[in-house]
Each structure stands twice: as C-alpha cells, then as structure tokens.
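The values are calculated or read from the model by the stated rules, or taken from the named source; none is laboratory data. All values reported here derive from a predicted model rather than from experimental measurement. With ideal geometry, Cβ positions are generated from the backbone for all residues, glycine too; neighbour counts draw on all protein chains shown. Just the protein is used for accessible areas: all its heavy atoms, side chains included, with ligands, DNA and RNA removed. Shrake-Rupley method; radii C 1.70, N 1.55, O 1.52, S 1.80 Å.
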Amino acid sequence: MTGTTETAAVKTAAGAAAAPAPAPAPRPARLWRGATPWLFLLAPLALLIVFTYAPIANMVAYSFTDWDGVSPELHYTGSENYAELFTRSELFEVFWVSGYYLAASVIQIVAALYFATILSFNVRFRNFFKGVLFFPYLINGVAIGFVFLYFFQDGGTLDSVLSLLGVETDRAWLGTPTSANTSLAAVSVWRYLGLNFVLFLGAIQSIPGELYEAAELDGANRWHQFRFIIAPGIKPVLSLTVILSISGSLSVFEIPYIMTGGATGTETFVIQTVKLAFQFNKTGLASAAAVVLLLIVLAVTWVQRRLAPDDKVDLV
C-alpha cells in the first residue's frame, strides 16, 4: 500500500514538472501594464512642471537680464544683478529679522512636541484640544494678519485684556523693531503650531502600542517612554520640522507684509524682493535675489541633512 502511494506521488510530481509553463502575456499587454503608472502620474507631473519648474526656469533666466517687469523688451546683462546683490550689504541685513522667527520656531517645535506627546496618551477632551491646536493653521493668512493687526494696535484687544488684569501699558507693540518683530514672530508661532503638532502626533501614534505596554511592565514612567521610545521613533519627522522651520524663517512674507508692510524694521528678505520687483521695477534684480534665497535654503537643508541624517530607527 505504501509503495503504491509513493508511486502515485512520483507520477503526480513528474506530471507537474512536465506541465507546460503559462504563456507570457502578449507584448501590447505588457507595454500597457508598464505605461499605466505613468498615465496616472501624467496630470500631476504636468501641473508640477507648468506651475513649479517652468516658473523657476523663467526666474533664473530673468535674473540675468535687466527686465523691469513691464516692458516687452529685456536685455541680457550677465552676472551684473548678482554682482550688485552681493556688493550691497544692506540687501542682506534683513536676514537679521529672520533670527526672530528662527528663535520662535524653536519655541514652536518644543510646544508642538509637548502637546503632541501629552495628547497621544489617553487624556480627557483630547480630541477637543487637538482641534483647538490645529484650527489656526486652517485660517487664511491674510485674515490672521488683519485680526492680529487690531489685536496689537494701540488700545486694541491686547491692551484691553492687560488693563482688565490691572496692567497699564502705553507700549506700541508694532512701533519699535524689537517689539514688532517679537509680536510678529509670536503670531507665526500661533499660526503654524498646529502643523508641527499634527506631524508629531502622527509620528507618535505610528509607534506600536506594544512598546508602551512593555515599558510600563518594566516600570518606565512617562519621561522614560518619551526619552527611549517616542524621541527615537519620531527622529525623521523631527528632522523634517527643523528643515521646514529654517526654510520658513528665511522666507517669511505673509504675516509681516499684511501687518506692517515691512515698516519699523520688520522687512524680511522676501518682502524686500517683492518691493524690488513691483515697487522699484527691478524684476531682474529681484529674480537674482529669489535665486540666491533658493540656494541658501537648499544649502541649509543639505547641511542639516549631513549633520543629522535620517538613519533607520528600529525600536523593536
């Protein structure tokens, strides 16, 4: 009986080995299967090229001309715009204003990480607080600028609240460079805190829950869980937020332009570039300034990636 079974098994195996392989798909079908992903990417790639890469190429081309932004004629000037840009030190002095926003971005990242860590655990009303923190990011930047313009004006909302608390102040919050830049940076923190909060919260919630359970069994408190589980697990997202914060600090535009128009020492590099293009009709010089800003952001990003590479994190 055993020999018969073995013989049948051998014949079955031999028959399976001798069975012909499935015929390959026709060439048109294989070509269609390979082209399908590119067909799905066609529309977004077209939009990316038309609205991102083509304008960047035009900007680089304009930076080598004397175009005023209005005249149909433009003349090639070589590197004169870049020479003028780097020989006029006052054009780069506005980067000192970015220091206020860079310092504010540190506070913003710390606060976002703190709230994301707290609300990732089971606390009461956490969904409500998540909405409160993220809501400012959904508001239009122009609306935020006008709201806080009235908030910081003399006798405005801030002065009224301080007077109710018994604090009398005659400070012009947007009247001096220090107070104005500090106030504008605080508005930026309020607006963009929600973005960093959501990024951190998503990264924390992607960490397996078994790690927290194992840590609690080992007697780890919340600080130990943050130090040895959360912090290593969100390192790639933390690097991303640092890059976004640095690039955002160098290219601040919306809030100071709406609230002060660059007055009282609040002019940023982007506001200065916009004025060169649309107020002084020096589109070629403004394009060169925009190219320089792009190269600075790329260089800062490259240095940051070299100093803190995104190594693979294995918490298990």
Check your understanding: Mind checking whether some residue in segment 142-156 is at negative phi, under 23 Å from the mean Cα position of the chain (by Cα) and not hydrophobic (A, V, I, L, M, F, W, C)?
Key -> yes
Exercise for review: Could you list, in sequence order, all residues of segment 64-98 that are exposed (fewer than 13 other Cβ atoms within 10 Å of the Cβ) and touching a residue at least 60 places away in the same chain (Cβ under 8 Å)?
Suggested key: Val70
Practice item. Enumerate the pairs (first residue in segment 139-160 and open to solvent by less than 60 Å² (accessible area, probe 1.4 Å); second residue anywhere and assigned to a helix (DSSP H, G or I) and aromatic (Phe, Trp, Tyr)) with beta-carbon separation below 7 Å, excluding pairs fewer than 6 apart on the same chain, so at least 6 apart or on different chains. Key: Gly156/Tyr150; Leu158/Phe151; Leu158/Phe152
Exercise for review: State all residues of segment 201-250 that are among the basic types (Lys, Arg) and under 30 Å from Leu298 (Cβ atoms); if no residue qualifies, say none.
Suggested key: Lys235
Exercise for review: Specify which of the listed residues (Gly202, Gly219) is surrounded by fewer than 14 Cβ atoms within 10 Å (Cβ to Cβ), over 16 Å from the mean Cα position of the chain (by Cα) and free of Cβ contacts under 8 Å to residues at least 60 places away in the same chain.
Suggested key: Gly219
Check your understanding: Under 9 Å by Cβ, and 6 or more places apart or on different chains, what pairs join a residue from segment 163-180 that is among the acidic types (Asp, Glu) with one that is open to solvent by 50 Å² or more (accessible area, probe 1.4 Å)?
Key -> Asp170/Asp154
Study note, to complete from the structure: Scanning segment 240-288 residue by residue, those at positive phi and either open to solvent by less than 40 Å² (accessible area, probe 1.4 Å) or not hydroxyl-bearing (Ser, Thr, Tyr) (or both) turn out to be Gly261, Gly262, Gly265, Asn281
